[in-house]
Amino acid sequence: MTLSRRAFGALTLAALGAPSLSFARDLDLELALMAQLFGTTSEYKDGLAVIRARGKPDIAAGLIQALRFAERRRDEIAEVLEEITGQNHGTSWFDWMLWQEEAVDIVPHPSLIPFKRAVYLDVDPNFDLFLRPDYLARDRMNIRLEEITWGGVLKDGIPSLDNPEMIAAKEASYLRGDDLVFGVSINGDVRAYPLRIMGWHEMFNETIGDVPVALAYCTLCGSGILFETQVAGRSAPLVFGSSGFLYRSNKLMFDRETHSLWNQFTGKPVVGPMVETGITLRQRPVVITTWDDWKTAHPETRVLSLNTGHRRNYGSGVVYSSYFNSPELMFPAQVDQTTYAQKDYVYTIRDFGAARAWPLEAFTRKTVINDAISGKPLVLIGDARTRSVRAYERGALTFEASAGGLLADDATRWRVSEEALVSDSGARLPRVAGHIAYWFAWNNYLGAAATIYEG
């Protein structure tokens, strides 16, 4: 089959770097897929005929990709999808993606690589930094290429805040007392980052208490995770940004040194040259709480200034308001809702060789929970109203709430700080890093590998 000039240009763009690909190319299938989005009416119909005649489900990933963008051709594409897979999800890209997530036994045809590149490089040529052909070989990725989706913005379309301006608490007249903030304290350096600002940026790169860190906030997952960015074997800290891509409704961040894509939820590289390093970013404690509660506990805190260098509506309840107030997901991700709704909040810890989650609603019944993870005793102090949870090691002690702090079963009193529990005698029990998230993200990424508190 022949191609129009636009379709030929897309194929050429996708083929840049193709000599490094390790598979044998099937140009007929590549042309057939390209025609779905870049071809004329006769070209895309001829392409569908080629795919239909071949009759194999390994091309489904390419057609699902096309289904999202080919608005006037969805009926015909969906018809062929149903024929080659035996499934019936109509023209719903969302439902086909959910099916694809479960269809792990279907390995996509290699033509998906140049087609996916063509689609996304047509959106933003800068995506080539992430989608080099040699990065996309199946044995070099830690996630499935067919499940990488576009989040609707360009590279850095959600701009990170790098060493942003901080101001004293008394200068933050723009904040309401009930505004939620990410509270961070490292080595006595105390800071607050309002969610109403961070929702527009989803990432900051900072040095706090002489520790280089990045807060990766996935608004879609409801999770803000604080990572150390100085990793072994590298001379300088990693600096992160938002790629514009998602995986199972979770943002894929990228480091600006190698342009590898990283899973925000796990802190692991998933596409690109960093995959082979085996790095997992270390988490640091962070808490969500109200501005009133944070500044009362930490009057010396500094807080993010409105002077971010970007023009955004930083008003209370503005950013992502419709999404946060809806029970639905914006992008597809499989989730078991037998016990919890997909956007119920949980507090999560991945440490001590295990993973465990505590439903936020558990803290409406009691503010102090004595529990354990992988045999490590923990005490968790939470407030469901403010979405605040802090976790600490507790040794052999059992705690209950007490005026001004905690009371242990040996009658010792303990004060709650951001870095440790501190007894009247000066003994310390260290804080454990964790974070809030929507149930769907925890369930989707950890599933049977994690446990859930049911007390």
Checklist entry - If you line up the long axis of helix 60-69 against the longest principal axis of the chain, both from Cα atoms, how many degrees apart are they, to the nearest 10? => result 80
Checklist outcome for this item: For region 36-48, in residue order, the Karplus 3J(HN,Hα) values (coefficients 6.51, -1.76, 1.60; θ = phi - 60°; whole Hz; Gly and Pro = x) are 4, 10, 10, x, 6, 4, 5, 5, 5, 5, 4, x, 4
Item to check | For region 142-166 and region 69-135, distance of Cα centres in Å | outcome: 20
Item to check | Long-range HN-HN contacts of ARG282 with modeled amide H, under 5 Å | outcome: GLU228
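Would you calculate, for the chain, the mean residue ellipticity at 222 nm contributed by helices, counting each DSSP H stretch of 4 or more residues as -39,500 (n - 2.57) and dividing by all residues, to the nearest 500? Don't jump to the answer; show the numbers that get you there.
Details: 11 runs with 106 residues, N = 455.
Counting only the DSSP helices, I get -6500 deg cm²/dmol.
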Checklist outcome for this item: Dividing the mean separation of Cα pairs under 8 Å (6+ apart) by the residue count of region 386-455 yields a relative contact order in percent of 26
Next on the checklist: Can you tell me the orientation of helix 5-15 relative to the chain, as the angle in degrees between its alpha-carbon axis and the longest Cα principal axis, to the nearest 10?
Outcome noted: 50
Checklist entry - Quick one: how many Å² of VAL153 are accessible to a 1.4 Å probe, rounded to 10? => result 40
Checklist entry - Toward the positive end of the charge dipole of region 169-285, about the Cα centre and with charges on Cβ (Lys, Arg +1; Asp, Glu -1), which of THR229, HIS201, LEU246 goes farthest? => result LEU246
Item to check | Degrees between helix 112-123 axis and first principal axis of the chain (Cα, 0 to 90, nearest 10) | outcome: 70
Item to check | Listed residue (THR258, THR85, ASN443) projecting farthest to the positive dipole end of the chain, Cβ model | outcome: THR258
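If packing is taken as the average number of other Cβ atoms within 10 Å across a peptide's residues, how do 421-427, 227-233, 438-444 rank, most packed first?
Numbers: 421-427: 13.4, 227-233: 15.0, 438-444: 25.0.
Packing order, densest peptide first, comes out as 438-444, 227-233, 421-427.
Tell me the trypsin sites (Lys or Arg not before Pro) within region 311-373 that lie in a loop according to DSSP and have at most 10 other beta-carbon atoms within 10 Å. Mind dumping the intermediate values first?
On the way: sites: ARG311, ARG312, LYS343, ARG350, ARG356, ARG365, LYS366; in loops: ARG311, ARG312, LYS343, ARG365, LYS366.
Counting only loop positions with at most 10 other Cβ atoms within 10 Å, the trypsin sites (Lys or Arg not before Pro) in region 311-373 are ARG311, ARG365.
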Next on the checklist: Using amide H atoms built in the peptide plane, which far-off residues or other-chain residues are under 5 Å from ALA372 H to H?
Outcome noted: LEU378
Checklist entry - Dipole magnitude of the chain about its Cα centre, charges +1 at Lys/Arg Cβ and -1 at Asp/Glu Cβ only, in debye to the nearest 20? => result 480
Checklist outcome for this item: Phi-derived 3J(HN,Hα) across region 190-202 with the Karplus relation (6.51, -1.76, 1.60, θ = phi - 60°), rounded Hz, x for Gly and Pro, is 10, 9, 10, 10, x, 5, 5, 8, 5, x, 7, 10, 6
Next on the checklist: Give me P(r) over the chain, computed from all C-alpha to C-alpha distances, binned every 20 Å, as integer percentages.
Outcome noted: 23, 51, 22, 3, 0
Checklist outcome for this item: Computed for region 175-233: size of charge dipole around the Cα centre, +1 on C-beta of each Lys and Arg, -1 on C-beta of each Asp and Glu, debye to nearest 20, value 160
Checklist entry - Listed here are the pairs LYS268/LYS376; LYS343/LYS376; LYS155/LYS366; LYS155/LYS295; LYS170/LYS343; which of them are more than 32 Å apart at the Cα? => result LYS155/LYS366; LYS155/LYS295; LYS170/LYS343
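Dipole of region 277-368, Cα-centred, from +1 at each Lys and Arg C-beta and -1 at each Asp and Glu C-beta, to the nearest 20 debye? Please report the intermediate quantities before stating the final value.
Numbers: 11 positive and 8 negative charges, 62 e Å.
Here the size comes out at about 300 debye.
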Checklist outcome for this item: Given the candidates ASN307, PRO332, LEU281, the one whose Cα lies deepest towards the positive end of the charge dipole of region 234-341, counting +1 at each Lys or Arg C-beta and -1 at each Asp or Glu C-beta, is ASN307
Checklist entry - Whole-Hz Karplus ³J(HN,Hα) for region 126-140, in order, using 6.51 cos²θ - 1.76 cosθ + 1.60 and θ = phi - 60°, x for Gly and Pro? => result 5, 5, 4, 4, 9, 10, 4, x, 6, 6, 9, 4, 4, 7, 10
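The values are calculated or read from the model by the stated rules, or taken from the named source; none is laboratory data. In this text, all values refer to a predicted model and were calculated from it rather than measured experimentally. Methodologically, a virtual Cβ is constructed for each residue, glycine included, from the backbone with ideal geometry; neighbour enumeration extends over all protein chains shown. These area figures cover heavy atoms from the full protein model, side chains too; ligands, DNA and RNA do not enter into them. Shrake-Rupley method; radii C 1.70, N 1.55, O 1.52, S 1.80 Å.
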